[in-house]
Amino acid sequence: MDLLTSPDQDEIIAAAASFLNDKMSTDQSRLQFESGTTPAVSNAAWAAAAELGWFALGLPEQFGGVGFGLAEEALLFREIGRAAAPGPFVSTVLAARVAALSGAQDLADEIVAGRGVGLTVPGSLHAIGEDGSIAGEVQLLDATSGLALVLSPSVASIIDVESLGDRSRVPCVDPTVDLQRATANTLSPIAHLPASTEAVEHRAHVLIASMLTGIAEWARDAAATHAIDRVQFGKPIGVNQAIKHPCADMAVQAQLAYAQTLFAALAIDEAREDAEFQALSAHVAAAGAAEFSTSTTIQVLGGMGFTHEHDAHLYVKRAEVWRRTLGGMPTHLARLLELSGPV
Amino acid sequence: MDLSFSTEDNEFRDEVRTWLKANAPTGRRPKESHAMREFDLAWQRTMHAAGWGGVAWPVDYGGRDLPLTQQLIWYEEYARTGLAPIDSRFVGLAHAGPTLMLRSSEEQKQFHLPKILGGEVIWCQGFSEPEAGSDLASLRTRAVVDGDELVVTGQKIWTSFAAVSDWQELLVRTDPDAPKHKGITWVICDMRSPGIDIRPIRTIEGGADFNEVFYDEVRIPLANVVGDLNDGWSVAMSTLSFERGTAFTVSQVQLASSIEALIDMARSRTSINGRAVIADGAVAERLAKARADCAALRALTYLGISKNAHSTQPGPEGSMLKLQYADLAKRVYLLGLDVIDTNALAFALDEDDSDWVDRHLMAFSTSIGGGTSEIQRNIIGERVLGLPR
């Protein structure tokens, strides 16, 4: 039992942080969404991420992947969350897996090489078949290159979004996300993977938890920096416990989210019986931490937090999107209570 | 990075589980203080005889000096016995004993340590005072050197098990003119000394293990001072890192068991509206959230132990764990009352249900004792985030 990162893992983290800072910083996101151009992720940056092997990091080597575990992917996604990097990272990585493990190796190769795959967010009137087919109303996140991932407890699939009817683009609460609404009669997937072969949805919980952890950590650090620098009544505002204690609570929640996310990633990597329980717990912990920390940070920042002057609003919106894409908290909590307890 | 334990560790877990199953006391722990003392000491003697008396103690002092991972396993298995995470042996084994190992003379060690480990004596702590709680260093209990003795006059408070203790780790002010952290001395006090008056304080759940201790010219040999005169603050702070987060595991595992027990109860019991308790959406949501939060608490325990296994300096996880445990324990045990519902009115209606009332009342102490949650937040804010004092 050891939850410390190894030197190899530290290298993945450092390289990711440096790349994100150079190529996908919030400066660029801001410029793009302020000028009204979408998508916020530049093709060049996305291609560079593919070049680095990000979409194949956890894919087994026999499918052309790098062969790391979900733990390494979780560490990468935490950095993506911390940077608020735009783009369909979660669905692309998972779609590469669905394609490869279901025998669609050519599609897997294409995705790994940089064809982004969006995420299907089911609407209230929808059905997902056992073969991964989809019917009814859906929303599509960042499905700009024509493909989208569908996730359900029993199956994961990839659909061709061009075949969906009534497709229309709507503004997303997070301006760096391309959001479309569509309706399907019954659309068969181009690839699907039953959960009995691999529970892709559990991995999605962990990757989203990782991003939300990164968001919570960013918010914690932004609030602490401001509490140290901002002087009022002749003292840094951080001397006041009304500021200091919420900052401490952010630190605790971020660390809990980080620890639980690693625990869940390893539970899946090691095929523990309680893998789903741990993955859902990670999602719940990280979603709570991200919501609490981003909203608390806005309060700590005062007036500036309410404006576009500071990046805090980006992180609030990003957390809002990511903690809902697999269904909201009531869905996760209800499922968590149905499961057997931890091992 | 991995979650799994080595084959050796798994064998160790089997050994521990088998031994605890065969040897842990099964009867209810007595509520009366003297009977409780005898119960706790008998259990310590049983553990010591089998080599389990001090899993974190150095081998030189008769302990097992287990690696942190095996300490974690020991405490996880210990928690399953249902025995209290902290009992009257706690100060001796986890605070005074380790302080003596680090700071006392050879004679003091030889005299006291075998008695603590061997289950012969109970120690209590004489730190807090009516005017020195969170601000411990402002303590006022006065000690004056007279020949080869210290003469102590003053008052301590919140002293658990004082009435059944043999010895006390006592902080006294020996230099009232020095800055407050510099004039304190750490001394071993014989609780049977003339001039000591112990008055029980009844606690919220009705227990009487808590006490005020009054000192009226109590004479303590100077030979009982640990470290140097006026250096007691550094002596008191020297053991903060003992066990490095492993002993806390018992509380965390037992909280997880409580949550699972409440989920089972909520499924099998009917509320006054005729439906299963768990059919109440608000109760169900709180149970599910508690499950997730407790999972994260365990993960943080594992992360803390992983860090401490590689470093002698304990990380901030200690304060974080304590803070989060207190918050969660209070939420879970309040939820317990909502699950037993109207049975929570009676404190002794049914033995099992009254335990939930007891746990709820006891949980109020978790965010006060051993450093309040407010102090933990200050520590995290200042030492982890670097916020100004």
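No lab work stands behind these numbers, since they all come straight from the coordinates. None of the values given here were measured: they were computed from a predicted structure. Every residue, glycine among them, receives a Cβ derived from its backbone with ideal geometry; neighbour counts consider all protein chains shown.
Some notes on this structure:
- Residues whose placed amide H lies under 5 Å from that of B:V225, excluding near-sequence neighbours: B:I188
- Sorted largest first, extent of segment B:248-384 alpha carbons per principal axis (Å): 54, 24, 24
- Cα gyration tensor of segment A:73-193 - equivalent ellipsoid semi-axes, whole Å, descending: 21, 19, 12
- With Cα atoms, 0 to 90° folded angle of helix A:7-23 axis to chain A main axis: 80
- For segment B:102-159, applying the loop criterion from DSSP together with a ceiling of 16 other beta carbons within 10 Å to the GluC sites (Glu not before Pro) yields B:E120, B:E131.
- The alpha-carbon of B:K330 sits under 13 angstrom from the alpha-carbons of these aspartates and glutamates, leaving out residues fewer than 8 places away in its chain: B:D293, B:D338, B:D358.
- Distance from the alpha carbon centroid of segment B:185-221 to that of segment B:322-389 works out to 27 angstrom.
- Between A:T183, A:Q232, A:A209, the Cα set farthest toward the positive side of the dipole of the protein assembly as shown (charges on each charged residue's Cβ, about the Cα centre) is that of A:Q232.
- Other-chain or far-sequence residues with amide H under 5 Å of B:E129's (modelled H): B:I157
- Shielding of peptide A:235-244 by partners, expressed as the average count of other chain Cβ atoms within 10 Å per residue Cβ, is 4.
- Residues B:C294, B:C124 arranged by fewest to most Cβ contacts within 10 Å: B:C294, B:C124
- Given charges at beta-carbon only (K, R positive; D, E negative), |dipole| of segment A:200-338 in Debye: 460
- Using distinct alpha-carbon pairs, which all enter the 1/r mean, Kirkwood radius of segment B:194-241 in Å: 13.7
- Scoring B:200-209, A:186-195 by mean Cβ neighbours within 10 Å over their residues and listing the highest first yields A:186-195, B:200-209.
- The tail of the calculated P(r) for segment A:200-338 beyond 17 Å holds 58 percent of all Cα-Cα pairs.
- Residues B:M320, B:M362, sorted so that the one with the fewest Cβ neighbours within 10 Å comes first: B:M362, B:M320
- Relative contact order of segment A:7-194, pairs being alpha-carbon contacts under 8 Å that are 6 or more residues apart, as %: 20
- Dividing the summed -39500 (n - 2.57) terms of all DSSP H runs of n ≥ 4 by the residue count of chain B sets its mean residue ellipticity at 222 nm at -14000 deg cm²/dmol.
- Residue by residue, segment A:105-120 carries 3J(HN,Hα) couplings of 5, 4, 5, 4, 4, 4, 5, 4, 6, x, 7, x, 10, x, 10, 8 Hz when phi is fed to the Karplus relation 6.51 cos²θ - 1.76 cosθ + 1.60 (θ = phi - 60°); x denotes Gly or Pro.
- Across every pair of non-identical alpha carbons in the protein assembly as shown, the mean reciprocal distance, once inverted, gives a Kirkwood radius of 28.2 Å.
- Given +1 at the Cβ of Lys and Arg, -1 at the Cβ of Asp and Glu and no other charges, the dipole of the protein assembly as shown around its Cα centre is 1380 debye to the nearest 20.
- Hz values of 3J(HN,Hα) by residue in segment B:288-299 - Karplus curve (6.51, -1.76, 1.60), Gly and Pro given as x: 5, 5, 4, 4, 5, 5, 6, 4, 5, 5, 5, 4
- A convex hull fitted around the alpha carbon atoms of segment B:123-232 yields 88 Å³ per residue.
- Residue exposure proxy: A:V117, A:V150, ordered by other Cβ atoms within 10 angstrom of their Cβ from fewest to most, comes out as A:V150, A:V117.
- Only one residue of B:M36, B:L3, B:H48 has its Cα farthest out toward the positive end of the dipole of segment B:1-48, where Lys and Arg carry +1 and Asp and Glu -1 on Cβ, and that residue is B:M36.
- Here segment B:254-298 and segment A:199-273 have alpha carbon centers that stand 26 Å from each other.
- Proximal charge balance of A:G123 [Cβ under 10 Å; K/R count +1, D/E count -1]: 0
- Estimated purely from DSSP H runs of n ≥ 4, each contributing -39500 (n - 2.57), the mean residue ellipticity at 222 nm for chain A is -17000 deg cm²/dmol once divided by its residues.
- Short-range pairs are left out: with C-alpha atoms under 8 Å and at least six residues apart, the relative contact order of chain A is 15 percent.
- Relative to the dominant Cα principal axis of chain B, helix B:317-340 is inclined by about 50°.
- Zone of A:D10's modelled label, taken as backbone nitrogen in segment B:1-19 under 12 Å from a point 7 Å along Cα→Cβ: none
- Within segment B:106-200, chymotrypsin sites (Phe, Trp or Tyr not before Pro) in DSSP loop having at most 12 other beta-carbon neighbours inside 10 Å: none
- Checking the Cα-Cα distances for A:K244/A:K317; A:K23/A:K235; A:K235/B:K289 against a 28 Å cut-off, the pairs over it are A:K23/A:K235; A:K235/B:K289.
- In a reduced charge model with +1 at each Lys and Arg Cβ and -1 at each Asp and Glu Cβ, chain A shows a dipole moment near 1140 debye about its Cα centre.
- Compared with the dominant principal axis of the Cα atoms in chain A, helix A:275-301 is inclined by about 40°.
- Distance between the C-alpha centres of segment A:49-84 and segment A:128-186: 23 Å, rounded to the whole angstrom.
- Positive-end extreme of charge dipole, the protein assembly as shown - chosen from A:V93, B:T203, A:A47 (charges on Cβ): B:T203
- Per-residue mean of foreign Cβ neighbours for B:373-384 is 5 (Cβ atoms of other chains, 10 Å radius).
- Spin-label pair A:L125/B:A49, simplified geometry with 7 Å Cα→Cβ offset, distance in nm: 7.6
- Per residue of peptide A:258-266, the mean number of Cβ atoms on other chains within 10 Å of the residue Cβ is 6.
- Note, ³J(HN,Hα) from phi for segment A:254-271, Karplus 6.51, -1.76, 1.60, rounded to Hz, x at Gly and Pro: 5, 5, 4, 5, 4, 4, 5, 5, 5, 4, 5, 4, 5, 4, 6, 4, 9, 6
- Relative contact order computed over chain B (Cα-Cα under 8 Å; 6+ residues apart), in percent: 13
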